[in-house]
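Participant: Below is one structure. I have some questions about it.
The values are calculated or read from the model by the stated rules, or taken from the named source; none is laboratory data. As the structure is a prediction and not an experimental result, all values here were calculated from the model. All accessible areas refer to the heavy atoms of the entire protein, side chains included, with ligands and DNA or RNA removed. Shrake-Rupley method; radii C 1.70, N 1.55, O 1.52, S 1.80 Å.
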Amino acid sequence: MNPATLRSPKKFLPAFAAAALAWASPGHCAPARSAWSWADVWSDPGMDLVLLWLTAIFWVVTHVWTLLVVWAEARATRAQAPVDEAEEESA
């Protein structure tokens with residue numbers, strides 16, 4: 001195998017990339033900072049009120065659901081009054 005065939009005959013691209021990377025400052029290589037971040041969103045002054053409303057809505061929904069389930073279970077397991085024989089004959 002000829003060792004000359006293993007080397008790339010085109011030297012322009014690696015030389016150009018090396019020069020571009022040497023010229024560019026680290027700021028050009030770093031990704032741009034996003035316009036907002038989650039830390040900025042959650043520390044917004046109005047976010048406290050939003051979280052308070054979400055908590056209140058969650059509390060109301062869970063308690064109403066619990067009362068509905070308890071009512072439905074009590075209704076489903078309630079003992080039925082025995083039917084009198086007189087009512088049975090008239091029906």
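Participant: Would you please name the residue that is most open to solvent (accessible area, probe 1.4 Å), looking only at residues in region 52-90 that are among the polar types (S, T, N, Q) and at pLDDT below 95?
Facilitator: First, pick out the residues of region 52-90 that are among the polar types (S, T, N, Q): 55, 62, 66, 77, 80, 90.
Adding the requirement that they be at pLDDT below 95 leaves 77, 80, 90.
Working: 77: 112, 80: 169, 90: 96 Å².
Across region 52-90, the extreme among qualifying residues is 80.
Participant: Which of the numbered conditions does residue 33 fail, given that it passes all the others? Conditions: (1) at pLDDT below 85; (2) part of a helix (DSSP H, G or I); (3) not aromatic (Phe, Trp, Tyr).
Facilitator: Failed condition: (2).
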